[in-house]
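Enquirer: To start, I am sharing the structure in question, which I have written as structure tokens.
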Amino acid sequence: MSGKHFYVTTPIYYVNDKPHLGHAYTTVATDAKARFHRLRGEPARMLTGTDEHGQKLEQAAAEAGRDPFAFATENSEKFKALWKKLNIAYDDYIRTTEERHKTGVQEIWRRAEAAGDIYKGEYEGKYCVSCENFLTDLQLDEGKCPDCGRPADPVREESYFFRLSKYQEPLLELYERNPRFIQPDSRRNEIVSFVSGGLRDLSVSRTSFKWGVPVPGDPAHVIYVWFDALSNYATAAGFGQSGSGQGGSESGFPADTAWPADQHFIGKDILRFHSVYWPAFLMSAGLPLPGQIFSHGWWTVEGQKMSKSLGNAVDPHWLIEEYGVDAIRYFILREIPFGADGDFSHGQLIDRINSDLANDLGNLLYRTLNMVRRYRGGKISRGEGDGGEEARLAGIVREAAARYEAQMEATDLQAGLRTVWEIVSAGNKYIDAAAPWALAKSGPEERLDSALYHAGAALRVIAALISPVMPEAADSIARQLGLAGDWLSAPFAELVDLYKMPGDLDTDLGKPLFPRIEEDARAALEERVAARIAAGSETVEASDSEGEGLISIDDFRRVELRSARVEAAENIPKSKNLLKIEVSLGEERRTIVAGVARHYAPDELVGRTVVIVANLKPAKLMGVESQGMLLAAEDEDGLRLVGVEGGIRSGSRVR
């Protein structure tokens, strides 16, 4: 095996907004792929970071009254905080405002210029500031950007151009020679069709703003943000740094570079930049090309396109706090094939936790260790007396481990996890067949030891195979089995060998690995999700040093509380927690969806005077538009609606 690292990257994330589910998805997948290669004993390098230049960032900083660098730094820290929470083991985090990056970008520019691929002219056309993308009239959709739907601005300014048209045939040859360069195949076909339609030279500098990397020798121009941003993958690998060569035929990389990247993981919205512009820039600069561009799909939420209010209900920080980090990592990689679009559903997430994690994996761990504690005082010994059931289990583990390795190598993360669960299922079936409880009564003791050893050994293999996706759960299983802290340092072939687990292990039953989310807890979660969607407000991401947030009297006055009389109430089909409630605010009637069905029957509510938040944005819950929110108090004895004493008129302001 060569000494080069397996080099995998996320896109660098634009810092004019906070990180969301899509960012988390890409980054968890990239982290899992890097961890898989480390699991196989290969040196692996994972890169992530933030894109901090461009007109959009300059404008956002100005609107916030901030210096662009300070604004970018503050938002970049939000990504770092989430990656820490998600247990992302990145090796490098690059910011495009770093000097090492600027130096490398300018060197790529010089090489492209020396190749005759950059010339000065005038750009006149349309520009989408939000996507930082130049657009032709043919690309526009009724004058708007086809990607984000925002109006494109007319632009006319002096510009440097890159001879992208020169690389049409070389790119098509690349796609034909290396059909896996773009994955999945549907995305590859899309790009081949686009390039075959003809490429125009690309404007690669701007003069109408200053927040960017200056063009070498012409500081009146800043380098186009995509030329700048895409270069991060090479600059993070050391390109253009002092001592690594400048210009000419030298590589420009240090001797121990990880370049070329083996995989770039990206969202499908930025595929064209990565699969057309980026390889063309590298060809022009005479640099090696990455091995693969892997484009994943987009998430909807509860069957709907993600919006600010729905995004609030899948805020990654909140999801981790509610469900746990490994449950989230597992769900987003297990639920859909990597590359396809998917739907994030709290109900489906809870079902996965209860079935896959609690019932299957958690049950296998608990029943195994509980029997080890009851029958052998908590110690696993090797034992003798292997028979047909043991051979069958060993065969399933051996075959599944080989399939898993191939699937993860091919970035079929969903299939890899499905394969691990075949071992989980086989482990549970093995215990049923071996019946340690019967062996504990009638022996022989060697068979009992062997049965418990095989069940524990299957768990060790499972822990190793889930470690790229659920590292905390894997370490917890290893600790409970009594394995040493460096258990994952063993060669991959030994980790997946049922008979390489040491004997005489002192186990620890511990707490349930993934507790079930029971019906009452599920109802409470459903209610909290409904409240967050209805509120539609920004989530406050509290750091460890932050205390309770204080609001001013002006903040409080923005919340419009009013008294309302309940005129009618009914259950919402398919929901155990939500009621559809009709209220009167004097002459106005409204429909409110409230999570109170477990505390009040519909008839109990009719005629009550309640307090509602009257100025919330409407939100659809279970197909019903909710036009406000009921106030309630809750303690260990249950939930009670907030009301008003006396016969106050409906619609009165509550102060």
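Enquirer: Evaluate the following for residue 593: is it over 30 Å from residue 377 (Cβ atoms), at pLDDT below 90 and assigned to a strand (DSSP E or B)?
Expert: Considered against the rule, which asks whether it is over 30 Å from residue 377 (Cβ atoms), at pLDDT below 90 and assigned to a strand (DSSP E or B), residue 593 comes out as yes.
Enquirer: Turning to a different aspect of this structure: Anything in segment 503-518 that is in contact (Cβ under 8 Å) with a residue 12 or more places away in the chain, more than 22 Å from residue 389 (Cβ to Cβ) and surrounded by fewer than 23 Cβ atoms within 10 Å (Cβ to Cβ)? List them, or say none.
Expert: Residues satisfying the conditions are 504, 506, 508, 509, 510, 512, 513, 515, 516, 517.
Enquirer: Of all the residues that make up segment 143-190, how many are assigned to a strand (DSSP E or B) and either within 27 Å of residue 118 (Cα to Cα) or at pLDDT 95 or above (or both)?
Expert: Residues that pass the stated criteria total 12.
Enquirer: Looking only at segment 301-316, decide whether some residue is in contact with a Pro (Cβ under 6 Å, 6 or more places away or on another chain) and in contact (Cβ under 8 Å) with a residue 24 or more places away in the chain.
Expert: No, segment 301-316 has no match at all.
Enquirer: Pick out the one residue from 455, 493, 451, 484 that is without any contact (Cβ under 8 Å) to a residue 12 or more places away in the chain, closer than 16 Å to residue 394 by Cα, not assigned by TED's automatic domain parsing to the domain that holds residue 27 and not acidic (Asp, Glu).
Expert: The unique qualifying residue is 493.
Enquirer: Are any residues in segment 572-595 in contact with a Leu (Cβ under 6 Å, 6 or more places away or on another chain), of a type outside the set (Gly, Ala, Ser) and more than 10 Å from residue 626 (Cβ to Cβ), and if so, which ones?
Expert: Selection gives 572 alone.
Enquirer: So, of the residues in segment 629-645 that are part of a strand (DSSP E or B) and of a type in the set (A, V, I, L, M, F, W, C), which turns out to be surrounded by the most Cβ atoms within 10 Å (Cβ to Cβ)?
Expert: By that ranking, first place goes to 630.
Enquirer: Out of 203, 130, I need the residue that is of a type in the set (Ser, Thr, Tyr) and touching a Cys at 6+ places or on another chain (Cβ under 8 Å). Which one?
Expert: Only one candidate qualifies: 130.
Enquirer: Please enumerate the residues belonging to segment 191-206 that are charged (D, E, K, R) and either closer than 16 Å to residue 279 by Cα or not assigned by TED's automatic domain parsing to the domain that holds residue 276 (or both).
Expert: Listed by number, the residues that qualify are 200, 201.
Enquirer: Which residue pairs have Cβ atoms under 6 Å apart, sit 6 or more places apart or on different chains, and have a first residue in segment 397-418 that is of a type in the set (Gly, Ala, Ser) and a second that is assigned to a helix (DSSP H, G or I)?
Expert: Here the result reads 400/419; 400/422; 400/423; 415/407; 416/404; 416/407; 416/408, each pair linking segment 397-418 to a residue that is assigned to a helix (DSSP H, G or I).
Here's the yes/no breakdown for (1) of a type outside the set (Phe, Trp, Tyr); (2) free of Cβ contacts under 8 Å to residues at least 24 places away in the same chain; (3) more than 30 Å from residue 472 (Cβ to Cβ):
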| position | (1), (2), (3) |
| --- | --- |
| 53 | yes, no, yes |
| 83 | no, no, no |
| 86 | yes, no, no |
| 89 | yes, no, no |
| 97 | yes, no, yes |
| 101 | yes, no, yes |
| 105 | yes, no, yes |
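Enquirer: Please specify each residue of segment 29-56 satisfying the condition of being over 23 Å from the mean Cα position of the chain (by Cα) and closer than 21 Å to residue 132 by Cα.
Expert: 53, 54, 55, 56
Enquirer: Return the residue satisfying two criteria in turn: it lies in segment 208-225 and is of a type outside the set (Val, Ile, Thr) and crowded, with 24+ Cβ neighbours inside 10 Å, and of such residues it is farthest from residue 108 (Cα to Cα).
Expert: Ranking the qualifying residues of segment 208-225, first place goes to 212.
Enquirer: Which of the residues spanning segment 334-352 are of a type in the set (A, V, I, L, M, F, W, C) and touching a Pro at 6+ places or on another chain (Cβ under 9 Å)?
Expert: Passing the criteria: 338, 340.
Enquirer: What is the one condition in (1) without any contact (Cβ under 8 Å) to a residue 24 or more places away in the chain; (2) in contact with an Asp or Glu (Cβ under 9 Å, 6 or more places away or on another chain) that residue 645 does not satisfy?
Expert: With (1) without any contact (Cβ under 8 Å) to a residue 24 or more places away in the chain; (2) in contact with an Asp or Glu (Cβ under 9 Å, 6 or more places away or on another chain) applied to residue 645, the lone miss is (2).
Enquirer: Here's another thing I want to ask about it. Can you name the number of the only condition in (1) in contact (Cβ under 8 Å) with a residue 40 or more places away in the chain; (2) within 24 Å of residue 521 (Cβ to Cβ) that residue 637 fails?
Expert: Here residue 637 meets the rest and fails (1).
Enquirer: If residue 648 meets every condition in (1) crowded, with 17+ Cβ neighbours inside 10 Å; (2) among the aliphatic types (A, V, I, L, M); (3) in a loop (DSSP other than H, G, I, E, B) apart from one, which number is that one?
Expert: Every condition holds for residue 648 apart from (1).
Yes/no matrix, rows are residues, columns are (1) of a type outside the set (Phe, Trp, Tyr); (2) outside the structural domain of residue 17 (by TED's automatic domain parsing):
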{"position": "290", "(1), (2)": "yes, no"}
{"position": "293", "(1), (2)": "yes, no"}
{"position": "305", "(1), (2)": "yes, yes"}
{"position": "311", "(1), (2)": "yes, yes"}
{"position": "318", "(1), (2)": "no, yes"}
{"position": "330", "(1), (2)": "no, yes"}
{"position": "335", "(1), (2)": "yes, yes"}
{"position": "338", "(1), (2)": "no, yes"}
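Enquirer: Follow-up question, since we're still on this one. Pick out, from segment 73-142, the strands (runs of 3 or more DSSP E) lying fully within it that include 1 or more residues that are surrounded by fewer than 16 Cβ atoms within 10 Å (Cβ to Cβ).
Expert: The qualifying strands (runs of 3 or more DSSP E) are 92-95, 118-128.
Enquirer: Specify which of the listed residues (303, 342, 324, 311) is of a type in the set (Gly, Ala, Ser) and in contact with a His (Cβ under 7 Å, 6 or more places away or on another chain).
Expert: Just one listed residue meets the conditions, 311.
The values are calculated or read from the model by the stated rules, or taken from the named source; none is laboratory data. Treat the numbers as computed from the prediction; the structure is a model and nothing was measured. Neighbour counts are summed over all protein chains in view; Cβ atoms, including those assigned to glycine, are modelled from backbone coordinates with ideal geometry.
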